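What follows is one structure encoded as structure tokens, with my remarks underneath.
The values are calculated or read from the model by the stated rules, or taken from the named source; none is laboratory data. Keep in mind it's a predicted model, so treat the numbers as computed, not measured. Here the Cβ positions follow ideal geometry from the backbone for every residue, glycine too, while neighbour counts run over all protein chains shown. Protein only, heavy atoms only, side chains kept; ligands, DNA and RNA dropped before computing areas. Shrake-Rupley method; radii C 1.70, N 1.55, O 1.52, S 1.80 Å.
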Amino acid sequence: NAGVTQTPKFQVLKTGQSMTLQCAQDMNHEYMSWYRQDPGMGLRLIHYSVGAGITDQGEVPNGYNVSRSTTEDFPLRLLSAAPSQTSVYFCASSYSSGAKNIQYFGAGTRLSVL
Amino acid sequence: AQTVTQSQPEMSVQEAETVTLSCTYDTSENNYYLFWYKQPPSRQMILVIRQEAYKQQNATENRFSVNFQKAAKSFSLKISDSQLGDTAMYFCAFMKPHTSYGKLTFGQGTILTVHP
């Protein structure tokens, strides 16, 4: 099992460009989430999904879109990148019950917006 | 809404000594989960230890243990016999079971440096 796979690991964008951060998990987890990590602020929830076709906003959703067409994939889209979106992004997944509610994290994507 | 506070931005400890990282949280829930995650320079998020609020016994995992004080809403992490590999950022996190859909609320993080 690969676990949670995030691509790319690093990305540099110019203001106004668009891009998609990819996240895939091979554990058949129902729940998937996207977080951003900023210095002094910990990790904050951007969007989450409880299953294919179902997504909802987290704490800091502005500027980001998500969709979940399959159980395995949960991409995060930046439609028009802004310098404020410079951050490290983490995708996480878990089962909906049992398994001690443990979240499995990807290795992260470091994004710089110039 | 839940909040998690880690009031120590940075800590340092000598190798083989013991260090305690602090975490407080605010919630009106009675049942919940608390976690400590380790983030080494590799950036990977690694689960260190987990505590269920309805369990009075403090969780332990080898050199890592917690002091869970439910009434005080405090959840500190003790690292015994510190090793150089413990150098990392440590995050405290909160989760409501059943209704949280896997969502975690994180503290700000504490950078721990272990000196030889």
Worksheet item: Under the Karplus relation 6.51 cos²θ - 1.76 cosθ + 1.60, θ = phi - 60°, what is the ordered set of whole-Hz ³J(HN,Hα) values for the stretch A:15-21, x standing for Gly and Pro?
Response: 3, x, 6, 10, 6, 10, 8
Fill in: Around B:Phe64: net Lys/Arg minus Asp/Glu count, Cβ-Cβ under 14 Å
+1
Response to the item:
One quarter of the C-alpha convex hull surface, i.e. the mean projected area of chain A in nm², amounts to 6.7
Worksheet item: Modelled label-to-label distance, A:Thr15 and B:Thr99, 7 Å Cα→beta-carbon offset: nm?
Response: 4.2
Worksheet item: Running Debye on the stretch B:1-73 with equal point scatterers at the Cα sites and no solvent, what base-10 log of I(q)/I(0) appears at q = 0.14, 0.21, 0.25 Å⁻¹?
Response: -0.52, -1.14, -1.46
Worksheet item: Considering only the other residues whose Cβ falls under 15 Å of the Cβ of A:Cys91, what net charge follows from Lys and Arg at +1 and Asp and Glu at -1?
Response: +4
Practice prompt. Mind jotting down the distance between the C-alpha centroids of the stretch B:55-114 and the stretch A:26-50, whole Å?
Written response: 18
Worksheet item: How much net charge surrounds B:Gln83 when only the other residues with a Cβ under 11 Å from the Cβ of B:Gln83 are counted, with Lys and Arg +1 and Asp and Glu -1?
Response: -3
Item to complete: Note the full-extension length gain between A:Asn65 and A:Met41 as 0.36 nm times their separation in residues minus their Cα-Cα distance, in nm to one decimal.
Response: 6.5 nm
Worksheet item: If you project the alpha carbons of the stretch A:68-114 onto their three principal axes, what span does each projection cover, largest first, in Å?
Response: 42, 22, 14
Discussion item. When the expected Rg is taken as 2.2 N^0.38 Å, what fraction or multiple of it is the alpha-carbon Rg of the protein assembly as shown?
Written reply: 1.01
Worksheet item: In debye to the nearest 20, how big a dipole does chain A give about its Cα centre with +1 on each Lys and Arg Cβ and -1 on each Asp and Glu Cβ?
Response: 320
Worksheet item: Residue separation times 0.36 nm, minus the C-alpha to C-alpha distance between B:Thr5 and B:Asn31: what's the value?
Response: 7.5 nm
Worksheet item: Say a paramagnetic label sat at a point 7 Å from the Cα of A:Gln57, along Cα to Cβ; which residues of the stretch B:1-26 have their backbone N under 19 Å from it?
Response: B:1-2
Fill in: Unit charges on C-beta of K, R, D, E only; dipole of the protein assembly as shown, Debye
260
Worksheet, complete the sentence: Candidates B:Ser100, B:Ser74, B:Ser28; GNM for chain B (alpha-carbon contacts under 10 Å) flags as most fluctuating B:Ser28
Discussion item. Out of the trypsin sites (Lys or Arg not before Pro) in the stretch B:1-100, which ones are loop residues according to DSSP with at most 11 other C-beta atoms within 10 Å?
Written reply: B:Lys55
Worksheet, complete the sentence: Projecting the Cα atoms of B:Pro40, B:Gln108, B:Ile79 onto the charge dipole of chain B, where Lys and Arg contribute +1 and Asp and Glu -1 at Cβ, the residue farthest towards the positive end is B:Gln108
Response to the item:
For chain B, the dipole about the Cα centre with charges only on Cβ (Lys and Arg +1, Asp and Glu -1), to the nearest 20 debye, works out at 380
Worksheet item: If ligands, DNA and RNA are left out, what is the accessible area of B:Ser76 with a 1.4 Å probe, given in Å² to the nearest 10?
Response: 20
